[in-house]
Each structure stands twice: as C-alpha cells, then as structure tokens.
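Heads up: the structure comes next, in structure tokens.
Rule-based calculations on the coordinates, nothing more; no lab input. Just so it is clear, the model here is predicted, and its values are computed rather than measured. Here the Cβ positions follow ideal geometry from the backbone for every residue, glycine too, while neighbour counts run over all protein chains shown.
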Amino acid sequence: MLQAKSCSDSLAVKTTQVFPPDTNIHGTLFGGRLLAHIDDVASIAAIKHARQPVVTASTDSVDFLAPVKVGHSITIEAFVTWTHRTSMEVFAKVITENLLTEEKRVCNTAFLTFVAIDETGRPVPVPTVYPETELEKKLFESGSIRAQQRKDRKTRSKELANELGAGFLWEKDK
C-alpha cells in the first residue's frame, strides 16, 4: 500500500521573466507559451507526488484573468489536489508581477490531470493525497466533481471525434 501524502508535499514553483519573443503583437504573453509553463510545473508536482514518470491526461480549466506584459515575471505554483487510482489532479496558480512596481496579480488558474506510468508506459497506482489548509480542503472536496466533469467531457469529445472522422473538414464537401 502506498503511503498517503499531503498536498504540500507536491508543491512545485517556477518563476520566469517574459521577453519579447514570448509575446504577441499586443506585447502580452502568448497563451500557448503560458500553457507550456503551466504543464511543466504541474508535471513536476505530479512527479513529486507519484515519484513516477507522468503524462498529461487533460487540461480541463485554464482561465486567463489578466494579461502578462513584456518585462513582467510569472510565478507558477502547482500542487496535487485530488487523486484517483492512477491519476492526479493538479491545481496551478499563476501570478504576474510588474518587476519595476512590485504590482502582483493572479493572471491564470488551471486544473490539469496527470497519469503516473511505469517504464513500459502503463498506468501505475499513485498515493492518495490529503489536504491540510482550508484552500486544499476546498479543492480536495470538489475534486471528484471535476473528475466526473472531465470524464463526461471526454465522452463528448470522443463522440464528436467519431462524427468528424479523420479526414480534413474542407474535404467533407467534395
């Protein structure tokens, strides 16, 4: 039996500065670049929890709350909030800081799911997680609801994918 771990045992934090190549024509951080940073930090949190390699199974909620500008920094905090047999839900919070004025804002929140795998790529069990703080308890208690929503969304996505088929959409009218 795997020993349960606290949410804080998986905490991963990363700070990086935003440079011009990271931004769009408005001088704000590309959403895809931010998603890559979030996936990186969240995967570290999942690996710390499972102490196994992991793969990203879903990114189900990414909310952009404020722009991130050139010259600002972003700090991403991520930790495991809920677990199932082989999967882990990870919550990530992104804070942007104007490094000249010290103004900080939460610019993004996200929930991601990771699956722990063995050396052959097969899913393996992960330790359960237990919350300690009020925020961790709130996220933990609603984790099973988000897991069911992910499952339902995946079913709908598969149905749509089957309906669309593997051909390109513009070829459908021919």
- Item | In region 28-57, the residues that are without any contact (Cβ under 8 Å) to a residue 60 or more places away in the chain, surrounded by 15 or more Cβ atoms within 10 Å (Cβ to Cβ) and of a type in the set (S, T, N, Q) | THR28
- Mind listing just one residue for me: the one in region 96-121 that is hydroxyl-bearing (Ser, Thr, Tyr) and in a strand (DSSP E or B) and, of those, nearest to the chain's Cα centre (by Cα)? THR113
- For region 145-160, state whether one or more residues are among the hydroxyl-bearing types (Ser, Thr, Tyr) and either surrounded by fewer than 15 Cβ atoms within 10 Å (Cβ to Cβ) or over 21 Å from ASP40 (Cα atoms) (or both). yes
- Looking at ILE117, is it surrounded by 15 or more Cβ atoms within 10 Å (Cβ to Cβ) and touching a residue at least 60 places away in the same chain (Cβ under 8 Å)? yes
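I need the full set of residues from region 46-67 which are under 24 Å from VAL18 (Cα atoms) and in contact with an Asp or Glu (Cβ under 9 Å, 6 or more places away or on another chain), in order please.
Of everything in region 46-67, just one residue is under 24 Å from VAL18 (Cα atoms) and in contact with an Asp or Glu (Cβ under 9 Å, 6 or more places away or on another chain), namely THR59.
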- List every residue pair whose Cβ atoms lie under 6 Å apart, where the two residues are 6 or more positions apart in sequence or sit on different chains, the first residue falls within region 126-153 and is at negative phi, and the second residue, located anywhere, is assigned to a helix (DSSP H, G or I). VAL126/ALA50; VAL129/CYS7; PRO131/CYS7; PRO131/LYS137; PRO131/PHE140; GLU136/CYS7
- Scan region 122-152 residue by residue and report those that are in a helix (DSSP H, G or I) and either under 19 Å from LYS5 (Cα atoms) or among the polar types (S, T, N, Q) (or both). GLU134, LEU135, GLU136, LYS137, LYS138, LEU139, PHE140, GLU141, GLY143, SER144, GLN148, GLN149
- Would region 97-110 turn up any residue that is among the aliphatic types (A, V, I, L, M) and either under 14 Å from VAL13 (Cα atoms) or out of contact with any strand residue (DSSP E or B) (no Cβ under 7 Å at 6 or more places or on another chain) (or both)? yes
- Query: Conditions: (1) under 22 Å from LEU135 (Cβ atoms); (2) part of a strand (DSSP E or B); (3) polar (S, T, N, Q). SER43 meets all but one. Number of the miss?
  - Reply: (2)
- Task: Would you mention how many residues in region 1-19 are surrounded by fewer than 19 Cβ atoms within 10 Å (Cβ to Cβ) and part of a helix (DSSP H, G or I)?
- Result: 2
